Amino acid sequence: MLHSKRSKLFLRATCSALLLTGACTPVSNSPDEQDDVTGAASSPLLISGVSFKTVLGNRYVGARNNGGSDVIATATAAQAWEKFTIDDINGGALESGDSIFITAGTGQYFQAANGGGSTLNAASWNRQGWETFRIVKQSGSGPIANGDIVGLQAVTTGHWVSAENGGGSTVFAYGAALGSWEQLTISGLSGGTTPPPSGTGCDAPGLVWKTANKTNYTSYPDPGSEECTKYNGCTWAGQFAACSGKKSEAWVAAHNIAAVFPNMNALKLHDICLKSGTKTMVVTVLDTCADSDCSGCCTQNKGDADALIDLESYTNARWGLPDGRIQWADLGPTKGSGCD
C-alpha cells in the first residue's frame, strides 16, 4: 500500500529540489497569508489532554464537534471536545510567556482570525501567526502547572481569548487585558513528549561522513492542498515504510523522521546524523523512495550526492535550514523509540 505514498512523497521532493532553481513556484493555501512560524521550533513539546476552565463561570473551553467550527465555553465537565494538545514551540518546560499552538481532536488548530477582534475558532489547518498564542500565567513568570490561572494572548495583535461573562456561549479573541473573562484554570498537564535532542552522537569518533541532497515533505498535508489531492498525501498521512499501521500527527511531530534513497534496507531504523556547517541533528530513517514509483525522481533529486534525504516537515522545521547539500553519517541502529 505504500507504493503510491512513496511516489507522492518524492514527486513532492522533486518540486522541493526545483524550488532551489526557481523551476517550481510555491503555492500557499493559507487563508491568513502570514509567515509560517514552525521554523521557530528547536525541539517542540507536545502535551495532550489539556483543558481550560473559566475562572469566573467554571465552564470548560471546548471545540464544537471536536474541531472544525467555533470555540465555546459551555461544558461543566471536560470531555473529548474540551481536551486539547498544546504544542509548545520552543520546547523545554511549559512556561509563562511561551508561544504555543492548541490542537483540537480533529487535528485542527485554534485560530484568532485576523489576529483577533472576533470569535475564536478551531478550524484551521495552518501553523502560522493567527494560530499562535502566548500562554501567560496570571501570577507571574516561571513554569506552568495544573491549577494555575493563565490567559491566552494572540501573538499578532495582543488580543486575549475571552469567555464573555465567564462562559455559557461562544469564546472570542478580543480581550484587551487578562481580566476576569480572560482567566482560565489549566489542567491535564503531563510531562509531554520531546523529540531527541539534536547533536546526540554526532561527535562520535570514526564517523564516515557522506553527502546528501536534502528535501522535505509533509506527512499530514492540509486538506485540499496539492500534496493531498494530487499526490494522495491525505490517504497516506502518518504512514512510513519502516513502520506498521498509521502514526498520529502528534507522534509524527514528536519524532525526528527521515526518508532516505538509496540503501533503505541498510539504513532502515538507523539513526543518522545530519550536518550543515556547525549545525547537526539526529534523525531516524523510517521511509524511502523507489525510482519505479515516480519516473526516476529519486535519482534525479539525489543528483551527484551519495544520498537523497527527505525530512518530514516537523523535523525539517526543527532543523531550520533550507533544502540543498548537506553531510550525513550513519550512527547505527536507533537508540530512540523507532516505530514505537
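No value in this document is a laboratory result; all are computed from the given coordinates. Predicted, not measured: the structure shown is a model, and the values here were computed from it. Cβ atoms come from the backbone with ideal geometry, glycine included; neighbour counts cover every protein chain shown.
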Which value, in debye to the nearest 20, gives the size of the charge dipole of segment 76-177 about its Cα centre, when Lys and Arg are +1 and Asp and Glu are -1 at the Cβ?
-> 100 debye
How much length is gained on full extension from Ala176 to Lys335, taking 0.36 nm per residue of separation minus their Cα-Cα distance?
-> 52.4 nm
Beyond 19 Å between alpha-carbons counts as too far, so tell me which of Lys247/Lys268; Lys53/Lys83; Lys214/Lys335; Lys214/Lys246 fall in that bin.
-> Lys214/Lys335; Lys214/Lys246
Length gained if Asn90 through Asn114 is fully extended, taking 0.36 nm per residue and subtracting the Cα-Cα distance, is 6.3 nm
Listed by chain and number, the aspartates and glutamates with an alpha carbon less than 13 angstrom from that of Lys137, same-chain partners under 8 positions apart left out, are Glu95, Asp98, Asp148, Glu182
Selection from Ile47, Asn90, Leu120 lying farthest towards where the dipole of segment 44-187 points positive, charges on Cβ | Leu120
Assuming R0 = 30 Å, can you tell me the calculated FRET efficiency for the pair Asp222 and Ser139, based on Cβ-Cβ distance, to the nearest 0.05?
-> 0.20
